[in-house]
Structures are given as structure tokens and as C-alpha cells.
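The values are calculated or read from the model by the stated rules, or taken from the named source; none is laboratory data. Predicted, not measured: the structure shown is a model, and the values here were computed from it. Every residue, glycine among them, receives a Cβ derived from its backbone with ideal geometry; neighbour counts consider all protein chains shown.
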Amino acid sequence: MGGTTEASQLARALAEGWVGAGRRAVFSYAGRTARPASQPLPLRLGGFGGVAGLVDYIRAEGITHVIDVTHPFAAQMSNNAVAACANVGVPLVALQRPAWVAGDGDNWHHVGDIAAAVDALPHQGARVFLAIGKQTLAPFAIKPANHYLLRLIDPPEGQLPLPNTTVIVARGPFETAGDQALLAAHGITHVVAKNAGGTGAAAKLAAARALGLPVIMIDRPQFRERPMCASVAEVMTWLTAHSA
Ligand code: 3Y8
Ligand code: NAP
């Protein structure tokens, strides 16, 4: 189950080391974006239909191993996978990159969720870089007197929930120099980020540090207990260890 930089890296390793050895694999996307990245594995798009739908899919497709490489904020998918795999009795492992930690020169304010991120913003006059996707914009509408620079993967359909916005349509992974130029060009005063970890979304943090900007860092949701791997190589070892 993909949707992150690490999922694309694992797909390449599986295509070579697993499918290359005559085994089968399928890459699953939620279907959130108009044109998901292509993968070297067969793709399936869209939700499974909750835990029951995932149980049916695992059984119908004869899935023998589930690898959860979804985003650290995709808690519902991850929790559904724990329940479904326990129900069917197939092994599950998650590959999740470590959370970012503030370094020298960082000016971070940790908050627990989107609502707390909104609370942490001024009531007016701020110029805020929101790189948290389009699904979580509505809560910021209670502070309309700030200007919001939005980075989205697909052009927004219909009216945005915020009056003062500039929209950038771009797909990560992003580079520090590009993000620093973007933040400076728009006179950004605050950056809001999810603690995604990894490399694909980290550029804005380095850019904020270079520009001396505060970052409102949304901490990760809680997950149900599950076996974890910390690298693609570890997942490939786990697969071999759990295969007849
Ligand atoms: C659909 C798969 C790859 C994977 C790239 C990573 C890094 C680049 C940067 C910013 C932050 C954000 C957002 C972001 C990044 C990677 C990785 C990551 C952040 C794709 C992808 C899917 C999604 C869904 C999308 C969300 C949105 C989140 C934009 C594919 C490209 C903000 C998360 O418009 C929408 O509805 C967007 C929805 C979920 C956050 C949200 O909650 O709205 N990602 N992102 C997956 C699916 O269909 O199952 O389409 O190719 C994957 C990536 N996005 O190797 O190319 O590994 O995290 N994606 C965040 O972390 O902050 C942007 O702009 O600085
Ligand atoms: P979520 O809230 O945990 O999941 C909501 C529902 O979306 C799930 O219950 C499932 O539907 C479906 N779903 C999610 N990931 C799926 C996958 N890989 N394959 C099939 N169905 C999936 O997930 P989300 O936060 O919306 O993220 C959606 C996708 O975008 C994930 O693949 C994630 O890796 C990627 N992504 C998310 C973020 C982020 O910030 N949230 C950032 C980068 C990438 P059913 O219940 O019907 O099965």
C-alpha cells in the first residue's frame, strides 16, 4: 500500500528482487490524485471499502503478505490494515520513515492537529505557506485575514474555503533551493507542515530555517501496534523470512 517516496523505492526493489524471482506483487493507491505516479508493478486504485473490503480483497487475490508504506498521516488505512491482516491471518509489516526532529536554527512550534495549527497562527496579517494538501484546508477559514500560499498536487476544483490564497500546483519531492525561493518570493511569515518525515516534503523545513521562519509542525496521529521496518532493505529481508 503506497503513496509515499519510500513506497516507490520499495516498488523498484520488489520488481527486481521479488517479481524478478517469479513472485507477484501489486501496488495500491487510494486514487487521491488525478495522475498517480507510474510504478514498476501492477497498480490498483481506490479504497478497498473499509476493513471488510480489504479482507475480501486479500482473500480474493490470494494476498500472502501486506506491506504498509502509506504516509505517516494515513492512519485510517494503516489501522484498517492491522485489523484486516489479523482477521485473515496474513503477515503485515509497515515501512515508516522516522519523524523529523528540529535541528540548530530551527524555530518549530509542535501542535497536535490541524485545529491546533490554526490556533497557533496570528488572526491577521500573516502570510502562511500551507503544504498539507487540499483535504485539510477548511479549518483555516476561521482566520481569513491571513494570506495563504497553497501547494496542491492537482488544481483545486471549485471554490477554495479560504478568501486570500495563492495556489501553486506542484508534485514533490521538492528541493530546498526551490522552496527557499518560493517562500521568499511570497514573503512567507509562517510555514505549516505535517511531520511526514522522509525526504520528499523536507525541503520547506530547510528553506524555513534558512529564512529564519517559524514552522508550525503538526505531530503524527497515533497508530495501532504493528511490526515495523525502517528501510526498504529491511522489508525485503522480512519478506524472505516470512516466505515459504
Ligand atoms: C496519492 C502518489 C513519489 C511519492 C511522493 C512523501 C513525499 C512527495 C511531498 C509539500 C508537501 C503532502 C501531500 C506531499 C508529498 C511525497 C510523495 C508527498 C505533501 C503523492 C501521491 C498521492 C499523494 C496524496 C497527497 C495528499 C496530500 C499529500 C500533498 C502519487 C504525490 C501535503 C503531505 O490533493 C490531494 O488530495 C492530496 C492529498 C494525501 C495530503 C493531504 O492530506 O491532502 N499527499 N501524494 C496517493 C494515493 O492515491 O494513494 O499520486 O503519485 C505522494 C507524495 N506526496 O515517490 O512520487 O513521501 O510524503 N503530498 C505531506 O507530507 O506534507 C506536500 O508541498 O511540501
Ligand atoms: P487515510 O485517511 O489513512 O485513508 C482513508 C481511506 O483512503 C482508507 O480508509 C482507504 O479507503 C483509502 N486509502 C488510503 N490509502 C490507500 C492506499 N494506499 N490504497 C488503497 N486505499 C487507500 O489516507 P490519506 O491520509 O487520505 O492518504 C491517502 C493516500 O495518500 C495514502 O496512500 C497516503 O500514503 C498518500 N499520502 C498521504 C499524505 C497525507 O498527508 N495524508 C501525504 C502523502 C501521501 P477504504 O477504507 O475504502 O479502504
Problem - Matching residues, the range 143-200, being within 16 Å of ligand 2 (Cβ to nearest atom), charged (D, E, K, R) and closer than 23 Å to HIS110 by Cα - result: ARG151, LYS194
Practice task
Working only within the range 206-244, note down all residues that are under 24 Å from ALA75 (Cα atoms) and touching a strand residue (DSSP E or B) at 6+ places or on another chain (Cβ under 6 Å).
Solution key: VAL215, ILE216, MET217, ILE218, ASP219, ARG226, PRO227, MET228, CYS229, VAL235, TRP238
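Among ALA126, ALA141, which is small (Gly, Ala, Ser), more than 12 Å from ligand 1 (Cβ to nearest atom), in contact (Cβ under 8 Å) with a residue 24 or more places away in the chain and farther than 23 Å from THR4 by Cβ?
Details: ALA141 fails: in contact (Cβ under 8 Å) with a residue 24 or more places away in the chain.
Exactly one residue qualifies, and that residue is ALA126.
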Exercise for the section: Determine the pairs where a residue that is assigned to a loop (DSSP other than H, G, I, E, B), located within the range 161-176, has a partner that is aromatic (Phe, Trp, Tyr) with Cβ atoms under 6 Å apart, the partner being 6 or more residues away or on another chain. Expected result: LEU162/PHE140; LEU162/TYR148
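Yes/no matrix, rows are residues, columns are (1) crowded, with 17+ Cβ neighbours inside 10 Å; (2) under 18 Å from the mean Cα position of the chain (by Cα):
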{"residue": "ALA102", "(1), (2)": "no, no"}
{"residue": "HIS109", "(1), (2)": "no, no"}
{"residue": "VAL118", "(1), (2)": "yes, no"}
{"residue": "VAL128", "(1), (2)": "yes, no"}
{"residue": "ALA131", "(1), (2)": "yes, yes"}
{"residue": "LEU137", "(1), (2)": "yes, yes"}
{"residue": "ALA145", "(1), (2)": "no, no"}
{"residue": "LEU150", "(1), (2)": "yes, yes"}
Fill in the blank from the handout: Among residues of the range 59-99 being of a type in the set (Val, Ile, Thr) and more than 9 Å from ligand 2 (Cβ to nearest atom), the residue nearest to the chain's Cα centre (by Cα) is ILE67
Completion exercise
Of the conditions (1) among the charged types (D, E, K, R); (2) modelled with pLDDT under 95; (3) buried (at least 19 other Cβ atoms within 10 Å of the Cβ), the single one that GLU225 does not satisfy is (3)
Handout entry: strands (runs of 3 or more DSSP E) completely within the range 1-103 that count 2 or more residues being out of contact with any helix residue (DSSP H, G or I) (no Cβ under 8 Å at 6 or more places or on another chain)
Key = 27-29, 43-45
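Every residue, every condition in (1) more than 10 Å from ligand 2 (Cβ to nearest atom); (2) among the hydrophobic types (A, V, I, L, M, F, W, C); (3) at pLDDT below 95, yes or no:
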{"position": "GLY2", "(1), (2), (3)": "no, no, no"}
{"position": "ALA7", "(1), (2), (3)": "no, yes, no"}
{"position": "GLU16", "(1), (2), (3)": "yes, no, no"}
{"position": "PHE27", "(1), (2), (3)": "no, yes, no"}
{"position": "PRO36", "(1), (2), (3)": "no, no, yes"}
{"position": "GLY49", "(1), (2), (3)": "no, no, no"}
{"position": "GLY53", "(1), (2), (3)": "no, no, no"}
{"position": "TYR57", "(1), (2), (3)": "no, no, no"}
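Scan the range 189-202 residue by residue and report those that are hydrophobic (A, V, I, L, M, F, W, C) and surrounded by fewer than 21 Cβ atoms within 10 Å (Cβ to Cβ).
Going through the range 189-202, the residues hydrophobic (A, V, I, L, M, F, W, C) turn out to be 191-193, 196, 201-202.
Residue satisfying the conditions is ALA202 alone.
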Exercise for the section: Name every residue in the range 17-35 that is free of Cβ contacts under 8 Å to residues at least 12 places away in the same chain and either of a type outside the set (Lys, Arg) or touching a Phe, Trp or Tyr at 6+ places or on another chain (Cβ under 9 Å) (or both), in order of residue number. Expected result: GLY20, ALA21, GLY22, ARG24
Exercise for the section: Return yes or no: is GLY158 outside any helix (DSSP H, G or I) and out of contact with any Phe, Trp or Tyr (no Cβ under 6 Å at 6 or more places or on another chain)? Expected result: yes
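Would you check which residues across the range 45-76 are touching an Asp or Glu at 6+ places or on another chain (Cβ under 9 Å) and surrounded by fewer than 18 Cβ atoms within 10 Å (Cβ to Cβ) and list them? Step through it out loud before you land on a result.
From the range 45-76, those touching an Asp or Glu at 6+ places or on another chain (Cβ under 9 Å) are 48-49, 69, 74; that's our starting set.
Selection gives GLY49 alone.
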